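Heads up: the structure comes next, in structure tokens.
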Amino acid sequence: MGAFCSVIPDLDVIGFRFGIRYGDFWGHRGFTHSLLFAALVASAAMFVGFRRVLPDLGRFPMWLYFFLATASHGLLDAMTDGGLGVAFFVPFDNHRYFLPWTPIRVSPIGVGRFFTDRGLAVLQSELLWIWLPTALLALSVWLMRRRAAPST
Ligand SMILES: [Zn+2]
């Protein structure tokens, strides 16, 4: 569900087919990349999939997890080197933002354009700046949990 939440914001590319321009409210990196949308998706995820609380996990931590999973998409988009920025604060502020640090190569829109030299450069960039740190974080958490687990 968290992985699903993290990719939902890019459903906004469907708008290109209906004439919605990139910089519009419903445009790419617009409302679906906002913090309000992340809150709505997190609430929907809780409503649809987790009406009952999981053992040892409260409702708010679960909601926060889905919120952060969804919001992480916009945060990573704001670290890319192209396109328009991310409308984090829509509908209150339609300004598009980038983070001060943009090391990630922007991905081309459309599968066909992805299988090119530029697509390979994007993959290399994402491996370095997203997947490697994520793998190191996951490994660290796994090692800490393993160390903290009672020995048998
Ligand atoms: Zn996006």
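The values are calculated or read from the model by the stated rules, or taken from the named source; none is laboratory data. What you are looking at is a predicted structure, and each value in this text was computed from that prediction instead of being measured. Note that we place each Cβ from the backbone using ideal geometry, even for glycine, and neighbour counts take in every protein chain shown. What goes into the accessible areas is simple: the full protein's heavy atoms, side chains included, and nothing from ligands, DNA or RNA. Shrake-Rupley method; radii C 1.70, N 1.55, O 1.52, S 1.80 Å.
Brief remarks on what is shown
- Helix screen, the chain: DSSP H segments with Cα axial length of 18 Å or more and mean Kyte-Doolittle hydropathy at least 1.6 are 35-49.
- A protection proxy built from the mean count of other Cβ atoms within 10 Å ranks the segments 43-55, 81-93, most packed first, as 81-93, 43-55.
- For the chain, the relative contact order comes to 20 percent (Cα pairs under 8 Å, sequence separation of at least 6).
- What a 1.4 Å probe finds exposed on the chain is 69% carbon and sulfur by accessible area, rounded to a whole percent.
- Using C-alpha pairs under 8 Å with a sequence gap of at least 6, the mean separation divided by the residue count of the stretch 14-104 gives a relative contact order of 31 percent.
- Cα shape, the stretch 80-152, gyration tensor, a/c 1.5 rule: oblate
- Put simply, the convex hull of the Cα atoms in the stretch 25-146 casts, on average, a shadow of 9.7 nm².
- Cα-based shape type of the stretch 1-62, given that a ≥ b ≥ c are square roots of the gyration tensor eigenvalues and the cut on a/c is 1.5: prolate
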